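Novice: The following block contains the structure, expressed as structure tokens.
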Amino acid sequence: MKMLLLQLVLIVFVSEVWAGSIQIELERAAIARTSEQVRYDGSYVSIPYPNGDVPSNTGVCTDVVIRSYRQLNIDLQKLVHEDMKNNFDVYPSNRIWGLNRPDTNIDHRRVPNLQHFFARNGSSLNISNKGHDYKPGSIVTWMLPGNLPHIGIVTSMQSPDGMRPMIVHNIGAGPKLEDMLFRYKITGHYQYTGKI
């Protein structure tokens with residue numbers, strides 16, 4: 001019995017360390033994105049599948065997340081598509097965009113789809129107004145004015161007053177590291193380590 005308990009404790013510990021290292025790597029990958037020159041462009045583009053991407057000098061908020069995970073060999077295009085293919089009715093693609101089947105070119109580049117994917121395959125975390133509740137490598141979604149969904153990655157870098165973590169996101173001027181966590185209404189808070 002003691003041996004079984006020790007094995008369970010070890011499994012939990014290793015899982016937590018692994019998840020923590022993924023979050024650190026994701027944060028690093030996101031911060032590296034801020035050195036890239038990217039023109040904001042959400043145009044529909046036919047891209048290869050799997051591991052497809054729009055041209056590297058273009059992108060939107062979701063592309064920051066997709067490209068950061070891709071640096072960890074996690075292909076959100078493939079993962080979102082496979083989950084949508086098997087569970088299309090739980091995704092908002094029909095309700096929001098009138099689609100009746102998955103589309104590998106765009107589904108992973110839509111914030112509402114990523115919200116559903118992360119909630120289904122990762123962890124939905126508490127939404128709060130306390131900066132310390134948002135850990136590096138977690139994902140946050142917002143609703144911008146005009147009912148526009150947005151997404152970004154939490155970093156360990158702190159706001160000038162030390163009260164909030166800074167966020168890597170692309171809100172129109174390319175990937176940026178900014179103090180904007182509470183600037184808009186938060187609609188989701190997730191952790192995803194690449195496991196399904």
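Novice: With the Cα gyration tensor of region 91-167 giving a ≥ b ≥ c as the square roots of its eigenvalues, does the rule (a/c under 1.5 for rounded; else a/b larger than b/c for prolate; else oblate) give rounded, prolate or oblate?
Specialist: Because a/c hits 1.5 or more and a/b exceeds b/c, region 91-167 counts as prolate.
Novice: Charges only on Cβ, +1 for Lys and Arg, -1 for Asp and Glu: so what's the dipole of region 47-196 about the Cα centre, in debye to the nearest 20? If you can, show how the numbers build up before the last one.
Specialist: Values: 16 positive and 12 negative charges, 29 e Å.
So the magnitude is around 140 debye.
Novice: Separate question: In terms of the Cα gyration tensor, with a ≥ b ≥ c the square roots of its eigenvalues, is the chain rounded because a/c is under 1.5, prolate because a/b exceeds b/c, or oblate?
Specialist: Note, shape of the chain comes out oblate.
Novice: Another question, if that's okay. List every residue whose amide H lies under 5 Å from the amide H of W142, counting only residues 5 or more places away in sequence or on a different chain, with H placed 1.01 Å from N in the peptide plane.
Specialist: H150, I151, T187
Novice: Going through the cross-link list K85/K176; K85/K195; K135/K195; K130/K195, which pairs have a Cα-Cα distance over 25 Å in this structure? Please list the in-between numbers first.
Specialist: Numbers: K85/K176 33 Å; K85/K195 17 Å; K135/K195 19 Å; K130/K195 28 Å.
Among K85/K176; K85/K195; K135/K195; K130/K195, the Cα-Cα distance tops 25 Å for K85/K176; K130/K195.
Novice: Further, regarding this structure: Can you run phi through the Karplus equation (6.51, -1.76, 1.60; θ = phi - 60°) for region 190-195 and list ³J(HN,Hα) in whole Hz, with x for Gly and Pro?
Specialist: 9, 10, 9, 9, x, 9
Novice: I would also like to ask the following. May I ask you to order 88-98, 61-71 by the average number of other C-beta atoms within 10 Å around their residues, highest value first? Walk me through the numbers on the way to the answer.
Specialist: Working: 88-98: 13.1, 61-71: 22.9.
The packing order, highest mean first, is 61-71, 88-98.
Novice: Right, another one. HN-Hα J couplings of region 116-130 from phi, Karplus 6.51/-1.76/1.60, θ = phi - 60°, integer Hz, Gly and Pro as x?
Specialist: Listing the rounded values in order: 5, 4, 5, 5, 6, 10, x, 10, 8, 9, 4, 9, 9, 9, 10 Hz.
Read-outs throughout are calculated quantities, based only on the coordinates presented, and are distinct from any laboratory measurement. These figures come from a predicted structure and were not determined experimentally. Neighbour counts are summed over all protein chains in view; Cβ atoms, including those assigned to glycine, are modelled from backbone coordinates with ideal geometry.
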